[in-house]
Each structure stands twice: as C-alpha cells, then as structure tokens.
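These notes are about the structure you will find just below.
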Amino acid sequence: MRIETATLAGGCFWCLEAVYDQLRGATDVVSGYMGGHVPNPSYELVCTGTSGHAEVVQVQYDADAISFRDLLNVFFTIHDPTTLNRQGADVGTQYRSAIFYHSADQKAAADAVIAELTAARLWRDPIVTEVTPAAAFYAAEEYHQEYFARNPAQGYCRVVVAPKVAKFRKAFLEQLKA
C-alpha cells in the first residue's frame, strides 16, 4: 500500500466527503480548510469569505489501488468547474473549484486533465479550477466530519448532497467500495 494525499475544493465539503468516502482506494477523507491566510480558521470565519480559505476534502488514498487522475475524474464529474467562486446556491471564495497539489506529478496530472477536458468542450464555459500548491490544512470542526452519513435526512443533504452522491455512484459503479 502506497498512501498519498489529495486535497480538492469543489463547493461544500460535505458533498465531496460523501463521494470520496465511497470510492475504492480512498482510505481516509477529512473535511477542512486550505488556501487562506488565517491560521486555525473556524467554519464561521471561513463562511465570511475573508480568511481566503476554501472548503476542501483531504483524501488519503492508496496510489497502488487508484490514481490521482482517477480522483480527478470523479472530482470533475461531481461539481461544476466553470463557475467562479460558487457551486449552485453556495456562493463565495470558500466554494471555489481548486486542486491543491502535493507534488509535481499531481500538478502535471491536474494540468493535463484540465487541458483534456477543455479540448473535449464538455462545458460551454471555460474551466476556472485553480491548480495551486498545497498549503496548511486545517481539519473542520468535528460536527462537519461524516456529515452526510450522520445527517442524510437534513434538508441540504437531501437536496444537494444526495444527488451528487447518486450521480457519482451511477458514473463510477465499478469503483465503489464493497
């Protein structure tokens, strides 16, 4: 087993965590914050948009079981990479689309996938996903961890998270954890 780290921002971290928790090869998924200028930010501060942080998931994955490109294929399937600083009704820099790379290989893979998707013209608008070096990661408060798993009937989970999970499960059926 060769454990590597991926850090991705694509709107609300509850959505990303709920998906990556079900992906074969992902060994741990933690919701948190990255990319800002305030140490140890709180959810309340991040929500103001003034800390510069994005809501992210940090995914520990077995690189012998799944590739970083595979993680990115899921990422670009479950969120809209063409909307600047928003996902659906979630608006602000904390909801931006970003890939925080941990190595030169991850940067190269992210740039290549974005170039391929741009050439394929899957979206009418250009991809605005940031590709930026990983910075300090701050785990979100405990009540955010495994939020969808613990609160599937909550309104946001039913209306926003559940459809993204269903889309992922349909598109990546063969990559689901047993």
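Some observations on this one:
- A simple count of charges around VAL165, restricted to other residues whose Cβ falls under 12 Å of its Cβ and scoring Lys, Arg +1 and Asp, Glu -1, yields +3.
- Applying 1/(1 + (r/R0)^6) with R0 = 35 Å to the Cβ-Cβ distance of GLU141 and LYS170 gives a FRET efficiency near 0.65.
- Sequence-distant contacts, meaning Cα pairs under 8 Å at least 6 residues apart, place the relative contact order of the chain at 32 percent.
- Calculated [θ] (222 nm, deg cm²/dmol) that DSSP helices of n ≥ 4 give over the chain, each run adding -39,500 (n - 2.57): -9000 deg cm²/dmol
- Charge sum, other residues only, whose C-beta stays under 14 Å from ASP28's C-beta, Lys/Arg counted +1 and Asp/Glu -1: -3
- Point-to-point label distance, ALA112-ALA63, nm (Cα→Cβ direction, 7 Å offset): 1.4
- Length gained when the stretch HIS37-ASN151 is fully extended (0.36 nm per residue, less Cα-Cα span): 38.0 nm
None of the figures in this text is laboratory data; all of them are computed from the coordinates on show. In this text the structure is predicted, and so the values were computed from the model without any measurement. Virtual Cβ from ideal backbone geometry, glycine too; neighbours counted across all protein chains shown.
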